[in-house]
1. Which ordering of 2, 127, 49, 159 is given by a fewest-first count of other beta-carbon atoms within 10 Å?
2. If I take every Cα pair under 8 Å that is 6 or more residues apart in segment 1-135, average their sequence separation and divide by the length, what percent do I get for the relative contact order?
3. What angle, in degrees between 0 and 90 and rounded to the nearest 10, separates the Cα long axis of helix 109-119 from the longest principal axis of the Cα atoms of the chain?
4. Relative to the longest principal axis of the chain, what angle (0 to 90°, nearest 10) does the C-alpha long axis of helix 17-34 take?
5. Contour minus end-to-end for residue 50 and residue 85, with contour as 0.36 nm per residue of separation and end-to-end as the Cα-Cα distance?
6. Ranked by Cβ crowding within 10 angstrom, fewest neighbours first, how are 136, 10, 103 ordered?
7. For 157, 71, 99, which order do you get if you count the other beta carbons within 10 Å of each Cβ and list the fewest first?
8. Extending each Cα 7 Å along its Cβ direction at residue 150 and residue 70, get the distance between those two points in nm, one decimal.
Ligand code: IMP
């Protein structure tokens, strides 16, 4: 499937599944080396990170735990920049090595907000791993430690990312086709 229609928008295949998997394998190797001998707690940001979390964790060669957290900052195809608190997150992370898993870092507002909220709980360390990163949209100064794939500032779906609920199940990454093309 090289073209899909979701709600009102058309998307074309941009990054095939095999390429996404290769990038995730590379990040898994980075994290396995970095946390060798430790037992990090991965915190997946819902909903979009479920795909990255599953693909990443099955490639790790270290002991680890995973939990998920929910926030909201996006409506339609542009970030509102407004994030809510961590919903339903009761995990004790004091003294733990925490790795936040994101599907995509766009403006960076969401990740920085989550970072602040998690730091208040005194973990031993926190790093960030994301499937996709839009460097041209990024407005924050926090380093994104582990990036699987850097993409241009286009709206994308697939591999966990959605357009108003649709497209998360698409293997690979699909890019929006501007109207009329
Ligand atoms: P940020 O706060 O602008 O970095 O946005 C982060 C959140 O916006 C992500 O976790 C996604 O849910 C959503 N998002 C950002 N860009 C895209 C995109 O291209 N497609 C789908 N969702 C996106």
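1. Fewest-to-most Cβ neighbours within 10 Å comes out as 2, 127, 49, 159.
2. About 22 percent, as a whole number.
3. 10
4. 10
5. 10.7 nm
6. By the 10 Å Cβ count, ascending, the order reads 136, 10, 103.
7. Least to most surrounded, the residues fall as 71, 99, 157.
8. 3.5
FYI, it's all coordinate maths here, none of it is from the lab. All figures in this text were calculated on a predicted structure; none of them were measured in a lab. So basically every Cβ, Gly included, is an ideal-geometry build from the backbone, and we count neighbours across all protein chains shown.
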